[in-house]
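Single-structure report; data block below.
Rule-based calculations on the coordinates, nothing more; no lab input. Remember, predicted model here, so these are calculated numbers, not experimental data. Heads up, the Cβs are rebuilt from the backbone with ideal geometry, glycines too, and the neighbour counts pull from every protein chain shown.
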């Protein structure tokens, strides 16, 4: 099937609207996801117009630090760190401040714009919060890199402590649509997640919130998630693609088709024109040889892995960025390898 002028005009119209910060309608969003494979590059081109306008040729690199791994009491069906499943994921307690500080230094050396400390837990204990807050203060003083944390569910008081310590952004993914959420996780609710984003935002932190594509959802679920992230005021939207983990309930699922993944990223760009849309977990196994095309839509990536899985590495990521005629963005300027 060859793209028709009418279809091409639709994608360009969506780009025109997005440049004016006007989101697609629900039906237009569905058209993006349902578009034939042959329309994908036209959609990517339209999304690139938006990406280029708001983000230029820069790529923000984020580095994850798995600060506390495994033995999580939650039962997220996609996660190998849950204590409910037998998986090969590593288990270790909360790292010490010095180790987190060293991780931040290495992240900056890798060209990181933001260093993200993550714990496998329902929510941070007071001790874990003490460590994260002290590490954040020292990172800001001694390293000079932006800090994001992902610590599970928050209370208003704990969110305030993180903000006062200097945490710039709090990550708490909605993961999927409200309709599907109960089939993905049973130990907490979709509303719990939304509330945590509210606590973080009210405390003065930016909101990083995204989801995972490929967990058996319908197209409507993808669209609902995309618009829900706009409603919670996310300033950073990581779009993850399921990389099925052995031992989890979702281990039998297949990765999504790469051209569909490009249309998903494009949808998120049209709906979130100004925000940090990230080609996040699972990008290597999902996009495979098409991975560089994701940078025409997303302005951000993780490098050096995704908590329990490895990535292609910072050298390959930097080369990919340069090959696309783009440059890594770091706090205060551009990264010079």
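Can you give the angle from 0 to 90° between the axis of helix 126-142 and the longest principal axis of the chain, with both taken from C-alpha atoms, to the nearest 10?
Long axis of 126-142 versus the principal axis of the chain: about 70 degrees.
Which whole-number percent is the relative contact order of the chain (Cα, under 8 Å, 6+ apart)?
Once normalised by length, the contact order is 22 percent.
Just how far, in whole angstrom, is the range 111-153 from the range 196-268 if you go by their alpha carbon centroids?
Comparing the Cα centres of the range 196-268 and the range 111-153, I get a distance of 22 Å.
Could you tell me how many degrees, from 0 to 90 and to the nearest 10, lie between the Cα long axis of helix 5-19 and the main elongation axis, the longest principal axis, of the Cα atoms of the chain?
40
What is the helix-to-structure angle for 219-231, meaning the angle in degrees between its Cα long axis and the longest Cα principal axis of the chain, kept from 0 to 90 and rounded to the nearest 10?
Helix 219-231 sits roughly 60 degrees off the main axis of the chain.
Can you tell me what share of the DSSP beta bridges in the chain is antiparallel? A percent to the nearest 5 is fine.
10
Normalised by the residues of the range 202-248, what does the relative contact order come to in percent, with Cα pairs under 8 Å and at least six apart?
55
Give me the number: length gained by fully extending residue 52 to residue 164, i.e. 0.36 nm times residue separation minus the C-alpha to C-alpha distance, one decimal in nm. The partial results should precede the final answer.
On the way: separation 112, 0.36 × 112 = 40.32 nm, distance 3.41 nm.
Additional length available on full extension: 36.9 nm.
Quote to one decimal, in nm, the extra length available between residue 194 and residue 178 on full extension: 0.36 nm per residue of separation minus the C-alpha distance between them. Don't skip to the end; give the middle numbers.
Numbers: separation 16, 0.36 × 16 = 5.76 nm, distance 1.01 nm.
My answer for the length gained is 4.8 nm.
To the nearest 500 deg cm²/dmol, what mean residue ellipticity at 222 nm is calculated for the chain from DSSP H runs of n ≥ 4 alone, each contributing -39,500 (n - 2.57), summed and divided by the residues?
On the way: 12 runs with 142 residues, N = 337.
Taking each H run of at least 4 residues, the total per residue is -13000 deg cm²/dmol.
Grab the beta carbon distance between residue 137 and residue 86, set R0 = 41 Å, and tell me the FRET efficiency rounded to 0.05.
It comes to 0.60.
Can you tell me the FRET efficiency between residue 316 and residue 235 if r is taken as the Cβ-Cβ distance and R0 is 30 Å, rounded to the nearest 0.05?
Working: r = 28 Å, r/R0 = 0.92.
After rounding, the FRET efficiency stands at 0.60.
Highest first, please rank the peptides 221-228, 142-149 by the mean number of other Cβ atoms sitting within 10 Å of their residues.
Averaged packing, sorted descending, gives the order 221-228, 142-149.
Convex hull over the alpha-carbon atoms of the chain: what's its volume per residue in Å³?
122
Pairs of Cα atoms under 8 Å, at least six residues apart: use those to get the relative contact order of the range 129-267, whole percent.
This gives 21 percent for the range 129-267.
Quick one: which of 288-300, 165-177 comes out on top by average Cβ neighbours within 10 Å, and what's the full order, highest first?
Put in order of decreasing packing, that is 165-177, 288-300.
In whole Å, how far is the Cα centre of the range 14-83 from that of the range 167-192?
If we compute the Cα centre of each part, the gap is 17 Å.
Starting from the Cα-Cα distance between residue 106 and residue 19, subtract it from 0.36 nm times their residue separation and give me the gain in nm to one decimal.
27.7 nm
Test of understanding: express the Cα radius of gyration of the range 141-216 as a ratio to 2.2 N^0.38 Å, with N the residue count.
For the range 141-216, the normalised Cα radius of gyration is 1.20.
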